[in-house]
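Colleague: Structure below; questions to follow.
Just so it is clear, none of the values below were taken in a lab; they were calculated from the coordinates. Since this is a predicted model, take the numbers as computed values, not measurements. Every residue, glycine as well, gets a Cβ built from its backbone with ideal geometry; the counts of neighbours run over all protein chains shown.
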Amino acid sequence: MIERHYRRREVEAVTGLSRSTIYHLLSRGEFPRPVKITAKAVAWPESAIAGWLAARTKA
């Protein structure tokens, strides 16, 4: 089965985080890294975002 990938706006909607917060957490190593899907575009695997959200709810 092919995994779905979220673009930044979808990540914002799913997590409730703003763009600046996502990139701030990325710089601190506290948010999943995106993967390149084209030369100029990145996306986050759905499983990485779901895992991050699950870990946040346990904390």
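Colleague: Identify, please: which residue in segment 29-47 is farther than 15 Å from GLU12 by Cβ and among the aliphatic types (A, V, I, L, M) and is, among those, surrounded by the fewest Cβ atoms within 10 Å (Cβ to Cβ)?
Modeller: Initial filter on segment 29-47 (farther than 15 Å from GLU12 by Cβ): 29-30, 33, 35-41, 45, 47.
Checking the rest, the ones that are also among the aliphatic types (A, V, I, L, M) come to 35, 37, 39, 41.
Working: VAL35: 12, ILE37: 11, ALA39: 5, ALA41: 12.
Step by step, filter segment 29-47, then rank; the result is ALA39.
Colleague: Right, here's the next one. For GLU3, indicate whether it is in a loop (DSSP other than H, G, I, E, B) and touching a Ser or Thr at 6+ places or on another chain (Cβ under 7 Å).
Modeller: Details: in a loop (DSSP other than H, G, I, E, B): yes; touching a Ser or Thr at 6+ places or on another chain (Cβ under 7 Å): yes.
Criteria met by GLU3.
Colleague: How many residues are free of Cβ contacts under 8 Å to residues at least 12 places away in the same chain and not in a loop (DSSP other than H, G, I, E, B) when one looks only at segment 10-41?
Modeller: So the answer is 12.
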